[in-house]
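Undergrad: Mind having a look at this structure? Questions to follow.
Readers should treat all values here as calculations from the given coordinates under stated rules, not as data from a laboratory. Quantities reported herein were computed from a predicted structural model and do not represent experimental measurements. Note that we place each Cβ from the backbone using ideal geometry, even for glycine, and neighbour counts take in every protein chain shown.
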Amino acid sequence: MRLDLRTITVIVVLAGLALMPLLAWAVDEPYWLRFWSRVMILALAAVGVNLILGFGGMVSFGHAMYIAIGAYAVGALRFHGVEGGLPDLLLAVGAGALVALIIGAICLRTAGIYFIMITLAFAQMTYFFFISQEQYGGDDGMRIEGGTRLGPLDLSNDATLYYATFLLLCGALLVSWRLVNSRFGMVIRGARSNEQRMTALGFPTYRYRLTAYVISAVICAIAGALLANLTLYVSPAYTHWTRSGELLIMVILGGLGSLFGPVLGAIALLLLEDVIAHFTRHWQLFLGPILILVVIFAREGLFGLLTPRRQRSHTAGGSHG
Amino acid sequence: MSTTLLLIQTLNGLQFGVMLFLMAAGLTLVFGIMNLVNLAHGSLYMMGAYFAAAATAWTGNPLLGILFAIPATLLLGVVVEFITLRTLYQRDHLDQVLCTFGLILFFNELARVLWGSAAIPMAIPEALTGFVTIIPGLIYPKWRLAIILVGLLVALLLYLLISHTRLGMLIRAGASNRPMVGALGVNISLLFTLVFGLGAALAGLAGAMVAPLLSVEPGMGDPILILTFVVIVIGGIGSIRGAFIASLLVGLIDTVGRSFLPALLRELFQTQSANTIGAALASMLIYILMAAVLFFRPRGLFPPKGR
Amino acid sequence: MAEPLLAVEGLVKRFGGLTATDDLSFSVAPGELHAVIGPNGAGKTTLIAQLSGELRQDSGRILFADQDISQVPGWKRPHLGLARSFQITSIFHDMTALQNTALAVQAHAGHSFRFWRPADSDPALTDPAMEALRQVGLEARANVPAAALAHGEHRQLEIAMALATQPKLLLLDEPMAGMGPEDSARMVNLLRALRGSITILLIEHDMDAVFALAERITVLVYGRAIASGTPDAIRADAEVRRAYLGDESLAV
């Protein structure tokens, strides 16, 4: 790895995240810990979305549903008196993978705008499904009682949860880095840029894209399980379509098709919200136009700005939309 | 008794359906001709409702309020098209989705700043308050009936516009073969602005007409936007005919499903939770319909030819 | 003549009222360079689409290496040894020439559910890919992003990708399309070098190239084969002359 601006950014951001709890403790701002935990959880989900969006060109407008599935997995287990981080993760991953396999198998028959819309439709179905679950609070959602222990770790401790999230985020980054450069990753990237050619070469692209879809959903489900542990609350709003939109925004803001972009995007979006919210209640009045300006003028996102100009032209890909 | 209820619910479904059509017509044209995914279409609907409510409060006459809302939304649509959307025609759908998502955030918050978070009530035009007897034993709100009639009238006018005028010819040509329209020497950007303005005006009309029935509040366009997308995807993007049929289908299935499915499940299973499950299932019905349609026909029921 | 490698028998494809492929039959012998020519609208593109499995014929059969492949889906045909190039360059612009070719190798190196090892440094992929690039004369440009290659090089890369799948039959869809004389000449030389080592079905517009290269030619008019034979026989064929009347390119 050469030490260019991008590498330096990755190192600085990860080191900053690793040291954040010390800083929060030093200046006595415990709120920071929870804020940055949230940032990393959403960054984790965005890393998952980026796998299919940035590399596979699949614009899913429904990935918030997998966050909700992960969160509800934790909620349901606690509700039935099951405690422990391992069951949490197993159920979140298992349920997320199963749902993604079924939904993905249907959605991937379509392409372009139809894919965007059918993923949205499934997320809406999930939304109404969770509303119907009265034992889990229906429309209002439910509080999650009881802490989570993951082996010796007590995740109800803010710092422990923070570092567990940090490690999972690093793990997801490592996995997606290996993945996109592996044979599997080459197939996914090829299918984004030229599906017809992939078929002519002899690739059955559908099964590879479905696999990528499931992997990305599982990462989001893990993020959902973490989110439930952070907020100790879960509601149908987790799968609201605007949440799926925000995930897309994080990926775009950070830079499409760059591995670390989603992390920068999540940080930027949540910081932006937080900062504007300090000045005005009406932060969305400013966030909306900022988003528009980024899409129109800074197509390659934050990570793109760190790329030397001569390398830029062909790194940020479009979508097959 | 049950027949009357079914008839009323069918009329309600029809009313919902034509309202969806007013939304879907514009959205599907903008998509079919400009290849633009416009999530902000629901915001135009919301602004239409707000314009109507505000003008009503000002003039004291709901009819004037609604009549004001149409050109106001048209103008707003043209301005939005001119400032932001124009740059997006050549971009991919992802960019368009994100940009118009930004517009939604902006307009929802703008409504909050201008009119507050609380819902604003709006009156029904005086001449159309009360009920009308359609057949003996079946009385129905005049205003809802008026919405149905206006919606069908607009559908008829759109049909005439598209199948019998030069503009309509260009719109049809644009939906099936975009480069050809340019080759005909037509001022494309003017055509786009016109179509977008037309779609905006229809969305404004829809918002203004349902304003007395619903609460006018920030974010009111979001759920209707999703439904509108369901409609145009089922109908086949770019097809007015598809939009019309899918609108009525979705309107009827949604309304009738919501009112009968919980009762039906209660009959069948006789459990406490049948009600809520029925309600949830009823809300999911149209999404299930859409997924099923796309499963068997990945480009909708009436995909425009030649693309 | 030996058993044909590819045999098209009574192929029919209609689009509405238009019969694009009309009871077409012809065969390609192993090892030969067989050209299919025909005026615009003769149904060359439709034929390629059916051979590669993008379109399904209405009736008729396609036999390839003693197997009826008429119902075999498009993505499986390359695995039987049928590789194609595209008329409009169809490559992965955001990858390097080597990555493009390696991807073609990968398509025939077992399944791609391999998630961990970097594909770029896998000699099982890159060595055959480099070999294919060498065959078309692109080895010096291996690490250049495909988008930065010149037009002629794109066409060469197309052929390298097809070669990398180690096909029995190379289906070339107008490889000279849009080329200047210099690039065309280089492509003719490349195809001449490949001739004999691999069976080639060449669909081409450029008559000079076809008559310089092909061992046999099939002439397609309105979806039918009106003649099939050696270049000399085709040149002398009365019906071909009628079909091409006024087309001076046949006066070579």
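Undergrad: Can you tell me which aspartates and glutamates have their Cα less than 12 Å from the Cα of C:K44? Leave out same-chain residues fewer than eight positions away.
TA: Those aspartates and glutamates meeting the cut-off are C:D22, C:D173, C:E174, C:E204.
Undergrad: Which value in deg cm²/dmol, rounded to the nearest 500, describes the helix-derived mean residue ellipticity at 222 nm for chain C, given -39,500 (n - 2.57) per DSSP H run of n ≥ 4 and division by the residue count? Walk me through the numbers on the way to the answer.
TA: Details: 9 runs with 84 residues, N = 252.
It lands at -9500 deg cm²/dmol.
Undergrad: Rounding to the nearest 10 and keeping the result within 0 to 90°, find how far the Cα-based axis of helix B:240-269 lies from the longest principal axis of chain B.
TA: Here the helix axis deviates by roughly 30 degrees.
Undergrad: Summing Lys, Arg as +1 and Asp, Glu as -1, what charge do residues with Cβ under 11 Å from the Cβ of C:M176 carry, C:M176 excluded?
TA: Taking every other residue near C:M176 into account, the sum is -4.
Undergrad: I'd like the FRET efficiency for C:N40 and A:L86, computed as 1/(1 + (r/R0)^6) with the beta carbon distance as r and R0 of 60 Å, rounded to 0.05.
TA: 0.35
Undergrad: Specify whether the C-alpha gyration tensor of the range B:9-218 places it in the rounded, prolate or oblate class, a ≥ b ≥ c being the square roots of the eigenvalues: rounded for a/c under 1.5, otherwise prolate if a/b is larger than b/c and oblate if not.
TA: Numbers: a/c = 2.27, a/b = 1.41, b/c = 1.61.
It comes out oblate by the Cα gyration axes.
Undergrad: Just want the answer: with Cβ charges of +1 for Lys and Arg and -1 for Asp and Glu, which residue in A:F55, B:I135, B:A206 is farthest toward the dipole's positive end in the protein assembly as shown?
TA: Among A:F55, B:I135, B:A206, the one farthest towards the positive end of the dipole of the protein assembly as shown is B:I135.
Undergrad: In addition: With an 8 Å cut-off on Cα pairs and a minimum separation of 6 or more residues, tell me the relative contact order of chain A in percent.
TA: 33 percent
Undergrad: How about C:K168: which aspartates and glutamates have a C-alpha closer than 15 Å to its C-alpha, ignoring those fewer than 8 places off in the same chain?
TA: Within the straight-line cut-off, C:K168 pairs with C:E3, C:E32, C:D66.
Undergrad: Go ahead and collect, in residue order, the members of the range C:183-217 whose backbone nitrogen is under 13 Å from a label point 7 Å along the Cα-Cβ direction of C:A233.
TA: Counting only backbone N, you get C:215-217.
Undergrad: Okay, moving on. Would you mind classifying the range A:92-220 by shape? Square roots of the alpha carbon gyration tensor eigenvalues, ordered a ≥ b ≥ c; an a/c under 1.5 is rounded, otherwise it is prolate if a/b is larger than b/c and oblate if not.
TA: oblate
Undergrad: Against the longest alpha carbon principal axis of chain B, how many degrees, from 0 to 90 and to the nearest 10, is the axis of helix B:166-176 turned?
TA: 90 degrees
Undergrad: D for the protein assembly as shown, whole µm²/s, Stokes-Einstein with Kirkwood Rh over alpha-carbon pairs at 10 °C and 1.306 mPa s: what number?
TA: Calculated translational D: 53 µm²/s.
Undergrad: Can you tell me which aspartates and glutamates have their Cα less than 19 Å from the Cα of B:K142? Leave out same-chain residues fewer than eight positions away.
TA: B:E126
Undergrad: If you average the sequence gap of Cα pairs under 8 Å that are 6 or more apart and divide by the length of chain C, what percent do you get for the contact order?
TA: 27 percent
Undergrad: Tally Lys/Arg at +1 and Asp/Glu at -1 over every other residue whose Cβ is under 12 Å from the Cβ of C:G53; what's the total? Can you show the working numbers first?
TA: Numbers: positive: C:R56, C:K76, C:R77, C:R84; negative: C:E54.
Cβ neighbours under 12 Å give a net charge of +3.
Undergrad: Counting Lys +1, Arg +1, Asp -1, Glu -1, what net charge surrounds A:G202 among other residues with beta carbon under 11 Å of its beta carbon?
TA: +4
Undergrad: Right, something else. Each label point is 7 Å from the Cα along the Cα-to-Cβ direction; what then is the distance between the points at C:R14 and B:A123, in nm?
TA: It works out to 6.7 nm between the two label points.
Undergrad: Sort the following peptides by mean Cβ neighbour count (other Cβ atoms within 10 Å, averaged over residues), highest first: A:168-180, B:151-163, A:228-240, A:253-265.
TA: The most tightly packed comes first, giving A:253-265, A:228-240, A:168-180, B:151-163.
Undergrad: What average number of partner chain Cβ atoms lie no more than 10 Å from the Cβ of the residues making up A:126-134?
TA: Mean partner-chain Cβ count within 10 Å for A:126-134: 5.
Undergrad: Report, in degrees rounded to the nearest 10, the 0 to 90 angle that the Cα long axis of helix B:221-235 makes with the longest principal axis of chain B.
TA: 80 degrees
Undergrad: Which residue, A:L287, A:L161, A:L91, tops the fluctuation ranking in a GNM of chain A built on C-alpha contacts under 10 Å?
TA: Most flexible of the set in this elastic network: A:L287.
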